Amino acid sequence: MAKKLGRQTVMFDRRIGIFAHAAVGGKYEGCGPIGRHFDIISNDPYFGESTWEKAESRMEKLCFNTLMKKAGLSACDIDVMLAGDLLNQCSGSAYALRASGIPHLGLYGACSTMAEALAVGAMIIDGGSADTVCALTGSHFCSAERQFRLPLEYGGQRPPASQWTVTAAGGIVMSTAPSMVDITLATIGIIHDTGLTDANSMGAAMAPAAYNTVKAHLAETGRPIEYYDAVFTGDLGALGHDIFEKLFTEDEIHLGPRYIDCGMLIYDPAAQDVHSGGSGCGCCASVLAAHIVPAMEKGIWKRVLFAATGALHSPTAILQGESIPAICHAVSLEAAE
């Protein structure tokens, strides 16, 4: 296949642009380093709802409506919706979009869902099955705590390696219409399991998966790391960031200041007690929509590798002594000529 570069990487023939982007966040996210770049910051963690799960759905619906307004589109203009979250059966995004009338593909890649959605959406467009595709993901700190750990009322202590699930949603419209940022390549991740069983140390579990995917991307494209002005992982946090960087250093590849982790960028560790950093579907999605793509549109970066990671475990599997399998999907973003 001419589109395949090696085993994992796909090159797109059609021009697939990021036509519009939107990000919605909570109060804590608004206080972070990129909070001013969000389209909407809500000071109400419930987003006007009565439960955390309903709040997550309302937040994602708000993000989608904002995205449509910015794009000048309506739901009927979207050929396919790719959406997911961290809740059971991706119920957060399903309830958010149940009245949209858009053909829907629910995706689950844990925190890697946005990169997965970009890759799948680009493939759908490149294959000629759609012209306009929407990718939408989100997460909520309180709903994730109940889903994966313990309800907030329990008051459990968080170890230093743990990460803070970001309360945010990010949305992207991909289209064949002219745009300032194009999706040119995607490297599909392979599940990697290091045998780690500590559910409070997601960064350590996911870093090797990120390393394997980025290494495969560079090998299959023949590109040196210097080809990219910035390389974003998400969401490894401080611990995973250091492991990822060390693995490349052992290969004599020095990432330098071009390497940034979304989980470390979204919060201020000196002022916000998030331990190792941020995580969740909404973390890299909102950083992409609020920070990365706008910076590329301003000419700050011309080439960015967006490599989002996810831990593919469940609370039940962990209680049964299972380890934590991880995944990373990488997408190449380039400023349009």
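The values are calculated or read from the model by the stated rules, or taken from the named source; none is laboratory data. This one's a predicted model, so the numbers in the text were calculated from it and none came from an experiment. FYI the Cβ positions are ideal-geometry reconstructions off the backbone, even for glycines, and counts take in every protein chain you see.
Screening THR316 with (1) assigned to a helix (DSSP H, G or I); (2) more than 26 Å from TYR28 (Cβ to Cβ); (3) within 19 Å of the chain's Cα centre (by Cα) gives one miss only, at (3).
Does the stretch 104-115 contain at least one residue that is touching an Asp or Glu at 6+ places or on another chain (Cβ under 7 Å), assigned to a strand (DSSP E or B) and either over 30 Å from ARG15 (Cα atoms) or in contact (Cβ under 8 Å) with a residue 40 or more places away in the chain (or both)? Don't jump to the end; show me each part of the working.
Keep residues of the stretch 104-115 that are touching an Asp or Glu at 6+ places or on another chain (Cβ under 7 Å), which gives 107, 109, 111.
Keeping just the survivors that are assigned to a strand (DSSP E or B) gives 109, 111.
When the remaining residues are screened for being either over 30 Å from ARG15 (Cα atoms) or in contact (Cβ under 8 Å) with a residue 40 or more places away in the chain (or both), the result is 109, 111.
Checked against the condition, which is being touching an Asp or Glu at 6+ places or on another chain (Cβ under 7 Å), assigned to a strand (DSSP E or B) and either over 30 Å from ARG15 (Cα atoms) or in contact (Cβ under 8 Å) with a residue 40 or more places away in the chain (or both), the stretch 104-115 yields at least one hit.
Among the conditions (1) over 29 Å from LEU185 (Cα atoms); (2) touching a residue at least 60 places away in the same chain (Cβ under 8 Å); (3) crowded, with 23+ Cβ neighbours inside 10 Å, the only one that ALA23 does not satisfy is (1). Candidates are the residues of the stretch 100-141 that are surrounded by 20 or more Cβ atoms within 10 Å (Cβ to Cβ) and among the acidic types (Asp, Glu); the one that is farthest from LEU86 (Cα to Cα) is ASP126.
I'm trying to understand the selection: among the residues of the stretch 106-141, which are closer than 20 Å to THR233 by Cβ and in contact with a Cys (Cβ under 8 Å, 6 or more places away or on another chain)? I'd like the intermediate steps shown before the answer.
Taking the stretch 106-141 first, the residues closer than 20 Å to THR233 by Cβ are 107-120, 122, 135, 137-139.
Once the filter is applied, which keeps residues that are closer than 20 Å to THR233 by Cβ and in contact with a Cys (Cβ under 8 Å, 6 or more places away or on another chain), the stretch 106-141 yields LEU107, TYR108, ALA110, CYS111, SER112, THR113, MET114, ALA115, THR137, GLY138, SER139.
Given the options LEU118, LEU82, LEU105, LEU97, name the one that is over 29 Å from GLY203 (Cα atoms) and at pLDDT 95 or above. Reasoning before the result, please.
Numbers: LEU118 fails: over 29 Å from GLY203 (Cα atoms); LEU82 fails: over 29 Å from GLY203 (Cα atoms); LEU105 fails: over 29 Å from GLY203 (Cα atoms).
Of the residues listed, the single one that is over 29 Å from GLY203 (Cα atoms) and at pLDDT 95 or above is LEU97.
Can you name the residue in the stretch 37-57 that is in a helix (DSSP H, G or I) and more than 19 Å from the chain's Cα centre (by Cα) and is also surrounded by the fewest Cβ atoms within 10 Å (Cβ to Cβ) among such residues?
Keep residues of the stretch 37-57 that are in a helix (DSSP H, G or I), which gives 37, 52-57.
After this cut, where a residue has to be more than 19 Å from the chain's Cα centre (by Cα) as well, the list is 52-55.
Values: TRP52: 23, GLU53: 20, LYS54: 18, ALA55: 23.
Looking at the filtered set, the residue picked out is LYS54.
Being free of Cβ contacts under 8 Å to residues at least 12 places away in the same chain and either closer than 17 Å to ALA55 by Cα or outside any loop (DSSP other than H, G, I, E, B) (or both) is not true of ALA122.
Candidates are the residues of the stretch 275-323 that are of a type in the set (S, T, N, Q) and touching a strand residue (DSSP E or B) at 6+ places or on another chain (Cβ under 6 Å); the one that is farthest from ILE40 (Cα to Cα) is THR309.
The one condition from (1) touching a Pro at 6+ places or on another chain (Cβ under 6 Å); (2) buried (at least 21 other Cβ atoms within 10 Å of the Cβ) that VAL80 does not meet is (2).
Could you check, for the stretch 18-27, whether at least one of its residues is of a type in the set (D, E, K, R) and part of a loop (DSSP other than H, G, I, E, B)? Give the steps one after another, and end with the answer.
If we filter the stretch 18-27 for residues that are of a type in the set (D, E, K, R), which is where we start, we get 27.
Now restrict to residues that are part of a loop (DSSP other than H, G, I, E, B): none.
No: the stretch 18-27 contains no residue that is of a type in the set (D, E, K, R) and part of a loop (DSSP other than H, G, I, E, B).
How about the stretch 165-280: which strands (runs of 3 or more DSSP E) wholly inside it have at least 3 residues that are surrounded by fewer than 24 Cβ atoms within 10 Å (Cβ to Cβ) and modelled with pLDDT of 95 or more? Even if it seems obvious, please write down each step before you answer.
Details: elements: 168-175, 181-187, 230-234, 259-261.
Passing ranges, in order: 181-187.
Residue count for the stretch 317-336, restricted to those that are free of Cβ contacts under 8 Å to residues at least 24 places away in the same chain and touching a Gly at 6+ places or on another chain (Cβ under 8 Å): 0.
The residue pairs whose first member lies in the stretch 300-316 and is assigned by TED's automatic domain parsing to the domain that holds ALA207 and buried (at least 24 other Cβ atoms within 10 Å of the Cβ), whose second member is at pLDDT below 95 and part of a strand (DSSP E or B), and whose beta carbons are closer than 8 Å, counting only pairs six or more residues apart or on different chains, are PHE306/GLY234; ALA307/GLY234; ALA308/GLY234; THR309/GLY234.
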